[in-house]
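Below: the structure, in structure tokens.
Here, each number is a calculation from the coordinates, and none is a lab measurement. Remember, it's a predicted structure, so these values are computed and weren't measured experimentally. Here the Cβ positions follow ideal geometry from the backbone for every residue, glycine too, while neighbour counts run over all protein chains shown.
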Amino acid sequence: MLSIVGSAVCFILQISYHRGQMSSKSTQAQTVATKGTYIACPECDFLQEEVVLPSRGVAICHRCGAELYHDTPYGLDRTLAFAICGLMLYCLANLFPLIGLELQGNRSTTTLFGAVQAIYNQKLQPVAVLVFLTTILVPGLELLCTIYVLLPLRIGKIVPGFRNVFRLVQAVHPWGMVEVFMLGILVSVVKLANFAGVVPGIALWSFVGLMLMIAAIGQSFNPRDLWVFIEHRR
Amino acid sequence: MSNQASTVQEQTDHATALRSGLLSCTACGLLCAPSSQDNACRCPRCGARLNARKPNSIARTWAFLIAAYIMYIPANLMPIMETRSLFGEQNDTIMSGVVFLWLSGSWPLALLVFCASIFVPLLKLFSLTVLTISVQRKSTWHPHQRAKLYRFVDLIGRWSMLDIYVVTLLVALVQLKSFAAIQAGPGAMAFGAVVVLTLLSANSFDPRFIWDFVKTTDDRSNQTT
């Protein structure tokens, strides 16, 4: 229930965000999108001239075909809205039980952190640390950092240390694995369903939402927008 | 920026940043001209350390890769799960987990776990080996295919974590005192190590090496493909 309310709130929030910001920001980003400057492909180092993209366009490397950058209308606003929604879902996903197991009156439930603790207590601390990092710490850190940078940016403030925060997010990003974890839940549910009743908890649905939000952030966030916006402010 | 652009235009036959004496920031993508020859050059925009290529890329890739090969053996031979139930004890390796899923009728899931836990790690190990050797031999062999291979390895690598999560969840849930209890086995640790080491290895590999020995005239002709 709570998660549904949470996502509804965020959806409304996102819409209101877009209404408020229909005019100025994105056109700025496009006009500043610099003709005559060069970038090197991150995957093959090929030098090429930057092009101005149409809405939702993707720039592809001329030589190796890697994606150079893409355009999402109101990318930063969208990212912020998705991140706030994601943070709410993240809280729900960590506070409530994930799944429960029922077998002849015996019932056991676990939260995500409970699962980490269970495996920690079995003398497999490195595995516990790995699970903790990839499903709890890194997603949370990414969401918090994104909000920390983008929320003040909307009223034109550049937060202290934002260059470090930006690099931190870039560095930890590959280690957030919420979508793999979702698949892990699916596989365990099928394995358990053979001999016991499986009760999905609130956190399970929140995790589905969180996974979608993180995917949406990945789609809408484009570091170029951020730098263009900041350079324009300065 | 404008004077950089002109330097590039003067040297159109040297079409990479490296050959033009420029560095591109791996964190924010800014193309910058190094101010001096010292190594501790930082990106003026985001402050990341600038390197023409990832430092010690090949050595680090090999180190992680060899460690991953070694850990792959215990990961597959040792049990990752020990189930104690009314019907006795059972030790599950990764493969027997797949077999169990297959026999219990959920073959799509068996296929999925097989791909994520056995096929993907092996594919990563072999692909990275091929890529690293080809780069060391300064090969110009099918750069497009090798670039695609690296992108694919980078994309699917994370999905091997699947089994780690399954074990974690099962261990936490199946603690029904009298009926059944699941313990994680030492294989889980080794398997986790394989996944992390292959991820680190793929991370240390610099895909730009693939293209470094390809002459610009070669890839002009390949352009249409």
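Descriptive notes on the structure:
- Dipole in debye (nearest 20) - the protein assembly as shown, about Cα centre, beta carbon charges: Lys, Arg +1; Asp, Glu -1: 640 debye
- For the residues of A:101-111, the average number of beta carbons from a partner chain within 10 Å of their own beta carbon is 4.
- Neighbouring partner chain Cβ atoms per residue of B:99-106, average, 10 Å criterion: 2
- Average other protein chain Cβ within 10 Å of Cβ, residues A:190-203: 3
- Angle of helix B:162-173 to the longest C-alpha principal axis of chain B, folded into 0 to 90 degrees and rounded to 10: 40°.
- Spin-label model distance (nm) - A:Leu137 vs B:Tyr69, 7 Å beyond Cα toward Cβ: 3.1 nm
- Of the trypsin sites (Lys or Arg not before Pro) found in the range A:61-127, those that fall in a DSSP loop while having at most 16 other beta-carbon atoms within 10 Å are A:Lys123.
- Reported to the nearest whole Å, the Cα centre-to-centre distance from the range A:123-154 to the range A:52-99 is 16.
- Sparse-neighbourhood loop sites, trypsin sites (Lys or Arg not before Pro) in the range A:132-190 - DSSP loop, at most 12 other Cβ within 10 angstrom: A:Lys157
- Residue-averaged 222 nm ellipticity for chain B, from DSSP H runs of 4+ at -39500 (n - 2.57), nearest 500: -17000 deg cm²/dmol
- Cα-Cα over 32 Å, subset of A:Lys191/B:Lys124; A:Lys123/B:Lys148; A:Lys157/B:Lys124: A:Lys123/B:Lys148; A:Lys157/B:Lys124
- Tilt relative to chain B, helix B:186-204 - C-alpha long axis, 0 to 90 degrees, to 10: 10 degrees
- Sparse-neighbour loop sites [chymotrypsin sites (Phe, Trp or Tyr not before Pro); the range A:133-231; at most 11 other C-beta within 10 Å; DSSP]: none
- Rounded to the nearest 10 degrees, the inclination of helix B:120-136 to the longest alpha-carbon principal axis of chain B is 30 degrees.
- Contact order for chain B, expressed relative to its length and based on alpha carbon pairs under 8 Å spaced 6+ residues apart, stands at 27 percent.
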